[in-house]
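Peer 1: Below is the structure I would like to discuss, written out as structure tokens.
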């Protein structure tokens with residue numbers, strides 16, 4: 001399934017103030033992968049996601065999604081392939097009702113009314129918020145807003161979900177609901193997060209960024225139990241692993 005493949009080749013990004021955000025980043029993600037992007041603040045996680053989705057364009061190198069280069073002329077096609085969840089759901093919810101927010105993308109692609117209604121109904125059902133369709137987004141809780149923002153993406157039927165800090169500002173119950181929801185998706189998923197417990201539960205593979213460079217890329221269970229790597233990256237081990245006797249023994253042997 002080439003339409004699910006993301007190739008990142010020698011990616012560089014320099015901000016207008018000449019600050020280097022990414023330096024020679026390369027990796028490949030294939031159909032069905034669930035990939036965590038982790039690193040300390042300023043490591044380049046959000047910038048990388050913006051480049052994958054075509055919100056930014058690289059200073060050097062390239063991003064290819066499903067065989068299509070991420071360049072300005074291809075953005076309509078890229079945005080059908082990739083759905084991006086921003087860190088703040090208020091950046092994606094701007095209509096007067098949840099229904100209209102979820103319908104915005106399909107309507108923008110000039111789909112007929114019946115198809116729009118079908119997509120909205122399916123997306124709302126997938127995230128379990130059919131009962132909120134007539135509510136104003138600003139009246140929703142944090143967890144409800146997050147679910148509504150995900151529904152706006154699902155209504156576009158993307159091949160790949162790209163998420164920036166999806167658990168940010170969620171209470172424990174909403175966070176657990178989000179993890180359950182995302183575990184049920186068959187989509188290829190790319191999740192940038194400081195929430196390493198969420199990454200541990202959702203992602204089979206993890207890429208570690210530091211100062212804009214990939215310093216490790218491998219199975220999540222291996223990456224997140226490597227205490228030397230975690231410390232080098234400016235992170236802390238997932239809370240669920242901090243009392244693990246195996247991990248503690250590994251740390252003490254370093």
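Every number in this text was worked out from the coordinates using simple rules, so none of it is lab data. Everything quoted here is computed from the prediction, not taken from an experiment. All Cβ positions, even for glycine, are placed from backbone atoms using ideal geometry, and neighbour counts span all protein chains on display.
Peer 1: Output needed for segment 172-244: three equivalent-ellipsoid semi-axes, defined as square roots of 5 times the C-alpha gyration tensor eigenvalues, in descending order, whole Å.
Peer 2: On the way: eigenvalues 91, 45, 22 Å².
Ellipsoid half-lengths, sorted descending, are 21, 15, 11 Å.
Peer 1: Another question, then. Send over the per residue convex hull volume for the chain, Cα only, as a whole number of Å³.
Peer 2: Cα convex hull per residue, to the nearest whole number: 128 Å³.
Peer 1: Angle between the Cα long axis of helix 98-108 and the longest principal axis of the chain, 0 to 90 degrees, nearest 10?
Peer 2: Between the helix axis and the principal axis of the chain, the angle is about 90 degrees.
Peer 1: Same structure again: Could you pull the Rg and Dmax for segment 1-81, using just the Cα atoms, both in Å?
Peer 2: 12.5, 39
Peer 1: While we're here: Hey, with R₀ at 25 Å, roughly what FRET efficiency would residue 204 and residue 239 work out to, going by the Cβ-Cβ distance, to 0.05? Present the calculation step by step, with values, prior to reporting the outcome.
Peer 2: On the way: r = 20 Å, r/R0 = 0.80.
FRET efficiency, residue 204 to residue 239: 0.80.
Peer 1: Output the antiparallel fraction of DSSP beta bridges having both residues in the chain, as a percent to the nearest 5.
Peer 2: Working: 19 of 36 bridges.
Restricted to the chain, the bridges split so that about 55 percent are antiparallel.
Peer 1: Figure the gain on full extension for residue 41 and residue 173 (residue separation times 0.36 nm, minus the Cα-Cα span) and round it to one decimal in nm.
Peer 2: Full extension from residue 41 to residue 173 adds 45.0 nm.
Peer 1: If you don't mind, another one. At 1.567 mPa s and 4 °C, plugging the Kirkwood radius over alpha-carbon pairs of segment 59-103 into Stokes-Einstein gives what diffusion coefficient in µm²/s?
Peer 2: Reported coefficient: 102 µm²/s.
Peer 1: When the Cα atoms of segment 71-166 are enclosed in a convex hull and the volume is divided per residue, what value in Å³ results?
Peer 2: Residue-normalised Cα hull volume stands at 97 Å³.
Peer 1: Applying a 10 Å radius around every beta-carbon, put 193-203, 24-34 in order of their mean neighbour count, most first.
Peer 2: In decreasing order of mean packing, 193-203, 24-34 become 193-203, 24-34.
Peer 1: What is the calculated FRET efficiency for residue 180 to residue 80, with r their C-beta to C-beta distance and R₀ = 25 Å, to the nearest 0.05?
Peer 2: The formula returns an efficiency of 0.40 here.
Peer 1: Please list, short to long, the whole-number percent of alpha-carbon pairs of segment 109-254 in consecutive 5 angstrom bins beginning at zero.
Peer 2: 2, 8, 16, 18, 16, 13, 10, 7, 5, 3, 1, 1, 0
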